[in-house]
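Down below is the structure, laid out as structure tokens.
Read-outs: derived from the displayed coordinates by stated rules, not from any lab. Since we're looking at a predicted model, the values are computed, not measured. Cβ placement follows ideal geometry from the backbone for every residue including glycine, while neighbour counts extend to all protein chains displayed.
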Amino acid sequence: MNIIQRHPSAQHQGGYGSNLTSVQLVSAADDHNPKCRNAMEDAHVFIDGFANNPKQSYFAVYDGHGGRNIVEFVEKYLHQNFEKELIDTNAKTYHEITNAFETSFLLTDIQTAKANLAVSGSTAIVNYIQVDTNGKRHLHTANCGDARSVLSRNGVAIRLSHDHKASDVVEKNRIEKSGGFVLRNRVLGVLAVSRSFGDHSLKQFVVSTPYVNSMALTEEDDFLILACDGVWDVMSDQEVVDFVKVYAENPNGSTEEKFNLIARALVDEALKRGSTDNITAIVVKL
């Protein structure tokens, strides 16, 4: 199993090589965006050969706020907790995998509280590619907060996650039923996202329960894109898919060389379009 995590002091850009066993190619990049942000609070993880199966993989982008304590904890432990749930419960069906996601998200959040990480928070977008006993590949998505993943199916963008924002009607109703309120599209007038790890002073309202989505992958599925809201704030789902597709199909250079730089190009495009956040993106050739 190959685990690759972003070191908090080092900017990453480029590909993870062609010797992968679960997907064809992976490109990742991030940018502090120092003109707009004082600190880099994103992280990302890619695991090739996840859960003791060389054909399975785990991808995640974590978008911290209020400091790096929570995002670094989640970066280190969420995939460990999720893998343990998969193995201990022998989770194979969509329902069982949903339960594994929900349990591992909750457990990780509880662990951050026990570690006295009381101030900061982090959103998360996770994709798990599972291979069943018949060799069929399935794509499972879990997210809390507004980091997002999108699948390109024959060039058409399919959103896999759900943006948890205080401005969302369903989330607003949930918060109000819990005794809270939304002011200026923020939970209690403080936090724009309505679900996250950490943010324990708001935990009654800002839960870590993920949205989970599962589907079978097909031969028409080209790319998977995970990114924090620094990308999605300035580009639509289809714009990102179109950008990746055009870049990947450029006839200049080898396929791997081009793909190694594709996430960097996407991050640069988000900067060019005026993103004011830290930016992280992972692009996967399925």
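General observations
- A prolate overall shape is assigned to segment 48-131, the ratio a/c of its alpha-carbon gyration tensor axes (a ≥ b ≥ c) being 1.5 or greater and a/b exceeding b/c.
- Dipole magnitude (debye, nearest 20) for segment 141-236, charges at Cβ of Lys, Arg, Asp, Glu: 560 debye
- Between ASN154, ASN81, ASN260, the Gaussian network model of the chain with springs among Cα atoms under 10 angstrom shows the greatest mean-square fluctuation at ASN154.
- Karplus-derived 3J(HN,Hα), 6.51/-1.76/1.60, for each residue of segment 265-270, Hz, glycine and proline x: 5, 5, 4, 4, 5, 5
- DSSP bridge orientation in segment 108-248 - percent antiparallel, rounded to nearest 5: 95 percent
- Segment 129-212, relative contact order in percent, only Cα pairs under 8 angstrom and at least six apart counted: 27 percent
- Considering only alpha-carbon pairs that sit under 8 angstrom and 6 or more positions apart, the relative contact order computed for segment 53-200 is 24 percent.
- For the chain, the residue among CYS36, ALA118, LEU224 whose Cα projects farthest onto the positive side of the dipole built from Cβ charges is ALA118.
- Sparsely packed loop sites in segment 167-271 (the chymotrypsin sites (Phe, Trp or Tyr not before Pro) outside DSSP H, G, I, E and B with at most 14 other Cβ atoms within 10 Å) comprise PHE181.
- Filter on LYS92/LYS165; LYS165/LYS203; LYS55/LYS136 - keep pairs with C-alpha separation over 20 Å: LYS92/LYS165
- Label-to-label distance, ASN38 versus ARG184, with points set 7 angstrom from Cα along the beta-carbon direction: 1.8 nm.
- For the chain: relative contact order, % (alpha-carbon pairs under 8 angstrom, 6 or more apart): 24 percent
- DSSP-assigned coil residues among GluC sites (Glu not before Pro) in segment 224-270, each with at most 13 further Cβ atoms within 10 Å: GLU249
- Global geometry of segment 15-72, whether rounded, prolate or oblate, following the gyration tensor of its Cα atoms and the 1.5 cut on a/c: oblate
- Gyration tensor (alpha-carbon) shape descriptor, the chain, a/c threshold 1.5: oblate
- Listed residues VAL244, VAL193, VAL156, most fluctuating in the chain (Gaussian network, C-alpha, under 10 Å): VAL156
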